[in-house]
Amino acid sequence: MKYPMNVLKTDSTARGLRPRQKMFVSRVPCAFCRGDGVDPNYGNMSKCQVCGGAGEIKVKPPVVTCLSCSGSGYSSGFLSCLACRGSGVVSVAPEAGTCPKCRGTGEDGVFYCIPCKGQGIA
Ligand SMILES: [Zn+2]
Ligand SMILES: [Zn+2]
Ligand SMILES: [Zn+2]
């Protein structure tokens, strides 16, 4: 399963402004390599550092799309996102809802919101 690149690009401008759906899945396609299992920085000779070459990542459901990287798995440039470690999703509590402190933006002034770890869901 592959993500279309144009979706990942256009999503990155709308930080936290739309409600995010919890997904009850136990594994997700690796966002960092887009399911290829190949390291996107080093090419065909290297396994993806995020999924170890599997092309997918086991997660603890429910998960939501990572707010920090908008699900792309990247933080800046070619580095994997710290919040989701490159998977593009983060696990949340089953009863979690929009974070009352930041109201879902994941931001608290110039810093990320502590209670929800910048995810907008707590
Ligand atoms: Zn991968
Ligand atoms: Zn992320
Ligand atoms: Zn918050």
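Give me the residue from region 33-77 that is free of Cβ contacts under 8 Å to residues at least 12 places away in the same chain and under 16 Å from the mean Cα position of the chain (by Cα) and, out of that set, farthest from residue 93 (Cα to Cα).
77
Please specify each residue of region 69-102 satisfying the condition of being modelled with pLDDT under 90 and crowded, with 21+ Cβ neighbours inside 10 Å.
If the condition is that a residue be modelled with pLDDT under 90 and crowded, with 21+ Cβ neighbours inside 10 Å, then no residue fits.
Of the residues 61, 94, 40, 100, which is more than 16 Å from ligand 3 (Cβ to nearest atom) and closer than 14 Å to residue 122 by Cβ? Before the answer, list the steps.
On the way: 61 fails: closer than 14 Å to residue 122 by Cβ; 40 fails: closer than 14 Å to residue 122 by Cβ; 100 fails: more than 16 Å from ligand 3 (Cβ to nearest atom).
Only one candidate passes the filter, namely 94.
Tally up the residues in region 37-87 that are aromatic (Phe, Trp, Tyr) and out of contact with any strand residue (DSSP E or B) (no Cβ under 8 Å at 6 or more places or on another chain), please.
Residues flagged as aromatic (Phe, Trp, Tyr) and out of contact with any strand residue (DSSP E or B) (no Cβ under 8 Å at 6 or more places or on another chain) within region 37-87 amount to 2.
Does region 103-120 hold any residues that are closer than 21 Å to residue 25 by Cβ and surrounded by fewer than 22 Cβ atoms within 10 Å (Cβ to Cβ), and which are they?
Residue satisfying the conditions is 117 alone.
From the list 104, 97, pick out the single residue that is away from ligand 2 (no atom under 15 Å from the Cβ), touching a Ser or Thr at 6+ places or on another chain (Cβ under 9 Å) and either among the hydrophobic types (A, V, I, L, M, F, W, C) or not assigned by TED's automatic domain parsing to the domain that holds residue 25 (or both). Give the derivation first.
Values: 97 fails: touching a Ser or Thr at 6+ places or on another chain (Cβ under 9 Å).
Only one candidate passes the filter, namely 104.
Do any residues in region 105-122 that are on the phi > 0 side of the Ramachandran plot have Cβ atoms under 7 Å from those of residues that are hydroxyl-bearing (Ser, Thr, Tyr) and more than 14 Å from ligand 2 (Cβ to nearest atom), where the two are at least six apart or on different chains, and which pairs are they?
120/98; 120/105
Conditions: (1) in contact with a helix residue (DSSP H, G or I) (Cβ under 6 Å, 6 or more places away or on another chain); (2) more than 16 Å from ligand 1 (Cβ to nearest atom). Residue 72 meets all but one. Number of the miss?
Every condition holds for residue 72 apart from (2).
The values are calculated or read from the model by the stated rules, or taken from the named source; none is laboratory data. On a predicted model such as this, the values are computed, not experimentally measured, just so you know. Heads up, the Cβs are rebuilt from the backbone with ideal geometry, glycines too, and the neighbour counts pull from every protein chain shown.
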